[in-house]
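Below is one structure; the comments refer to it alone.
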Amino acid sequence: MRFVLLLFLLISSIFSKEISTRYGVHVTLFGDVGYADISLKEHDNSYEIKLTANTTGVAATLLKNRVETFISKGKIVEGRYIPDIFIETKETTKRLRVRTYYFDHEKKEVKFIEEKTKLVNVTKFDLKDFNLITEEVKKSFTQESTLDIYKDSDVLTSYLNTKTTCNSEKKFYKLIAFGANDEKNDITVSCLEGAKKESAILNFSDSTQDIYNLHVEPFDKEDDIVDVLIAFDNDGLLKEAFLGEIFWVGKITAKRVYHEISQN
């Protein structure tokens, strides 16, 4: 189901002051499996973007009601989004993990804080009733460090910068960002044109402008390589995403079901 979560992250350049969007995700075998809510606020030269991905139905059961939240805050410099802080939260029925990245772009350093909380069953002897009882206890763990690897972007700013990073002049780039990949797998983005674009456009509805191919190298090299097509509307915003046949689950699609833009 990680392909479903990958689709939740497929957003692109947004130039308005404030935007609120919802994308629904559908899998051939399971039907509707989740949705992602995205909000972006810009003020002067600063921004804040938040993405919350929720699973529903069968996917929620399989993934233990997993909810993932991504927040990026920072500055807008010459049209590019530069993060100061990136927060990645993953929550299930019994576990919570929060990863926070603090960027120091001058020193090319990133401070990393990881907080984990989980519910565990603890058995103890009750002297009053003279029997064993089991109860859930919350355990927490926090770790802080300065990362050995410096990256100047997170997964949200990378997609916000897509149209300036990947275009007709520079049709291909390697995505390197916190929250998107690690050293075990590569992700590349290419801007489709000509025959490749005409072929890809058949997978989408009308009013599609730019189409990009997201190429994901698998964690397990024995797995198939994954290619995700992402399509932009004429307003320059992400409209749909498409992932072809995946083993036995079928096709995975993400479509914009709600979209509101306001200017301040």
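Every read-out reported here was derived from the displayed coordinates using simple, explicitly stated rules and does not represent laboratory data. This structure is a prediction, so every number in the text was calculated from the model and none was measured. All Cβ positions, glycine included, derive from the backbone under ideal geometry; neighbour counts span all protein chains shown.
Potential lengthening of the chain between E217 and K75 amounts to 48.1 nm, from the contour at 0.36 nm per residue minus the alpha-carbon distance. Can you pull the one-decimal nm distance between simple spin-label points at F172 and N65, each 7 Å off the Cα toward Cβ? Calculated label separation equals 4.6 nm. Extension gain, Y102 to L29: 0.36 nm times the residue separation minus the Cα-Cα distance gives 22.3 nm. Per the Cα gyration tensor, segment 45-122 maps to an equivalent ellipsoid with semi-axes of 31, 17, 7 Å, ordered largest to smallest.
Fewest-first ordering of K138, K111 by other beta carbons within 10 Å of each residue's beta carbon gives K138, K111.
Amide H contacts of G74 (H built 1.01 Å from N, in plane; Pro and chain starts excluded): Y47, D84 sit under 5 Å, all sequence-distant by 5 or more or on other chains. Across segment 24-64, the residues whose backbone nitrogen lies under 18 Å from the label position 7 Å along the beta-carbon direction of K251 are 24-34.
In this simple spin-label model, placing a label point 7 Å from the Cα along the Cα-to-Cβ direction at both T117 and Q143 gives a separation of 1.9 nm. Database remark: amide H of D186 closer than 5 angstrom to the amide H of E217 (H placed geometrically; neighbours at sequence offset of 5 or more, or on other chains; Pro and chain starts carry no H).
Here D227, D104 are placed in order of increasing Cβ neighbour count within 10 Å, fewest first, which gives D104, D227.
Placing a pseudo-label 7 Å from each Cα along the Cα-to-Cβ vector at D44 and K128 gives an inter-label distance of 5.8 nm.
In sequence order, segment 66-76 has phi-based couplings of 5, 10, 10, 10, 10, 10, 10, 10, x, 10, 10 Hz under the Karplus curve 6.51 cos²θ - 1.76 cosθ + 1.60, θ = phi - 60°, and Gly or Pro positions carry x. Once the Cβ-Cβ distance of D206 and E260 is raised to the sixth power relative to R0 = 25 Å, the FRET efficiency obtained is 0.75. Panel order for K64, K50, by other beta carbons found within 10 Å of each beta carbon, from fewest to most: K64, K50. Backbone amide hydrogens, once placed in the peptide plane, bring G34 within less than 5 Å of V25, T56, excluding anything fewer than 5 places away on its chain.
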